[in-house]
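The values are calculated or read from the model by the stated rules, or taken from the named source; none is laboratory data. Computed from a predicted structure; not experimentally measured. With ideal geometry, Cβ positions are generated from the backbone for all residues, glycine too; neighbour counts draw on all protein chains shown.
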Amino acid sequence: MAKRLMNYVNGQWVDSAASECAPVINPGTGEHFADAPLSSPAEVDAAVRAAVAAFKEWRRVPAPDRIQFLFKLKELLEDNLDALARSCTEECGKTYRESVGELRRAIENVEVACGIPLLMQGRNNEDIARGIDEHMFRQPIGVAAMVAPFNFPAMIPFWFLPYALATGNCFIVKPSEKCPVTQQRVFELVDRLGLPPGVLQLVNGAKETVDALLDHPDIRAISMVGSTPAARAIYARAAANGKRAQCQGGAKNPVLIMPDADMETATRILADSAFGCAGQRCLALSSGITIGAARDPFRGCFGEATRARRVGYGLDEDAETGAVISAESKARIERLIGIAEAEGARPIVDGRGQTVPGYEGGHFIFPTLLDGVPPQGEIARTEIFGPVFSLMHADTLEEGIAMVNDRAYGNMACIFTASGAAARKFRNEVRAGNVGINIGVAAPMAFFPFSGWADSFFGDLHGQAEHAVEFFTETKVVVERWPQEWSRQF
Ligand code: NAD
């Protein structure tokens, strides 16, 4: 029987009053194993009220004391890494190895936020005028909330949560309704931290729950990661309600393959970028633009790698590519491959209509390689979010960069080359916030901001590192004068 998930509000596990739930389905088996209640605006309000009450004291806890909770959280995450990684795979379909990788990234953010006493320092000048000093302090903003996507159920809340907590805010997580189980497990660990009630809370739900967060007058800031239409809508609604917002959207990431690239290395790295996590990373490379003489050798090498990739259930040791999130997603990806064919693309490797023995109920699409995808067509511009790689061609580096820049998204762009000059030109001219040079997934470490651009990001301060510290604090500038003659003489 499917397990009904709970909310974590005011330091207690609470059963939501919602009668409606989102089913949580293991994408690798098709098993419906949990239900996420769709919490009501009243339940959101209860969490926000608890957070507002907690904030009064929490903001006064010294930063070196606040981070002690993060040291403890890191230890608990390390001790429970295996169970959390399994949970990720069970609800999201990726391989166990990929789930472990995602948890490492989550933990890395906890580690970075432990530096908050240094990271949130202000600055000051003595004697900005004779006898007058000026200081800038960073203070927490109050109550903040985050809305998560399905594809990194463990990691993505951690682009925000550790920084919000360490800077002295109270924080509410709304996990994806498709993959809410891992955050439930994370909050079982949060429950053991001994934090004051209301500082960290978990509220399950979908759009109506998010809207209640966006409309609540006591929430000061919203962090969101998800598809571009949702990111755009959430950003607009948060802004209309006077909130700070940072909303990371979808992607369609291109890579240029130069003729001087080492084709074997490029193929190995690019196959993992395109087909790892079943193509469901926002930093998956999905369009390959070969330059000049790179076309034939790369197509040959990459075709072989596409065919050789082992597809399987994420918890099976030899699986390299797991399932996609849902039957609906599988049908959508297959339909998009059909559109590519209608646009004139040729499937060199066609991953449709195959099953994994023993997992016939799973939502698997095998890696697919499309050649001759027209750059102006629908497939070259649509986020497929599945294990599908499109090949295109340009004669020169300039033409390739122009193709990279002629698109709505700006999450990541990569180049494979042996030429420093080509790499430097690409790095300088490309319209993308995360750039990889001989790298297939240019995911910024926790001590750099995750820097999507264009339709991949709405806002100005990104998740992680100093951007997160700025996002979760507001600056207060104090100008002060203490004339000697007002003081008692000692
Ligand atoms: P999604 O947009 O369907 O949902 C994301 C979250 O937003 C969920 O919690 C959902 O409940 C909520 N939501 C969805 N529509 C909403 C609406 N109209 N109003 C209010 N809330 C709404 O995304 P998903 O399918 O869960 O995740 C996949 C997408 O996320 C892909 O497009 C992927 O590229 C993107 N993504 C981006 C990044 C990044 O850093 N830019 C990282 C991971 C995933």
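What to note about this one:
- Among residues of region 290-303 that are assigned to a helix (DSSP H, G or I), those with a Cβ under 8 angstrom from a residue that is of a type in the set (Ser, Thr, Tyr), sequence gap 6+ or separate chain, pair up as GLY292/THR396; PHE298/THR267; PHE298/THR290; ARG299/THR290; CYS301/THR267; PHE302/THR267.
- Taken across region 195-205, residues that are near the ligand (Cβ under 9 Å from one of its atoms), aliphatic (A, V, I, L, M) and assigned to a strand (DSSP E or B) do not occur at all.
- Every condition in (1) closer than 30 Å to ARG381 by Cβ; (2) in contact with a Pro (Cβ under 8 Å, 6 or more places away or on another chain); (3) buried (at least 24 other Cβ atoms within 10 Å of the Cβ); (4) free of Cβ contacts under 8 Å to residues at least 60 places away in the same chain is met by GLN183 except one, and the failing one is (1).
Rundown of residues vs (1) surrounded by 14 or more Cβ atoms within 10 Å (Cβ to Cβ); (2) under 24 Å from the mean Cα position of the chain (by Cα); (3) outside the structural domain of GLN464 (by TED's automatic domain parsing), yes/no style:
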position	(1), (2), (3)
ALA34	yes, yes, no
ARG60	no, no, no
ARG105	yes, yes, no
GLN121	no, no, no
GLY131	no, no, no
PHE137	yes, no, no
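- Of the helices (runs of 4 or more DSSP H) lying entirely inside region 1-111, those carrying at least 2 residues that are closer than 20 Å to LEU213 by Cβ are 41-58.
- When every residue of region 275-288 is checked against the conditions, none turns out to be outside any loop (DSSP other than H, G, I, E, B), without any contact (Cβ under 8 Å) to a residue 60 or more places away in the chain and not aromatic (Phe, Trp, Tyr).
- Test: residue in region 273-284 that is away from the ligand (no atom under 13 Å from the Cβ), farther than 24 Å from ALA402 by Cα, of a type outside the set (Phe, Trp, Tyr) and at pLDDT 95 or above: yes
- Residues that are crowded, with 21+ Cβ neighbours inside 10 Å and among the aliphatic types (A, V, I, L, M) within region 234-248 comprise ILE234, ALA238, ALA245, listed in sequence order.
- Of all the listed residues (LEU84, LEU70), the sole one being under 30 Å from THR321 (Cβ atoms) and either touching a strand residue (DSSP E or B) at 6+ places or on another chain (Cβ under 7 Å) or of a type in the set (A, V, I, L, M) (or both) is LEU84.
- Residue that is farthest from PHE69 (Cα to Cα) [pool: residues in region 224-254 that are within 11 Å of the ligand (Cβ to nearest atom) and in a strand (DSSP E or B)]: ASN253
- The listed residue being of a type in the set (Ser, Thr, Tyr) and closer than 30 Å to VAL143 by Cα, out of THR290, THR306, THR265, THR228: THR228
- Hits in region 134-190 - residues which are within 16 Å of the ligand (Cβ to nearest atom) and assigned to a strand (DSSP E or B): ALA144, ALA145, MET146, VAL147, PHE171, ILE172, VAL173, LYS174
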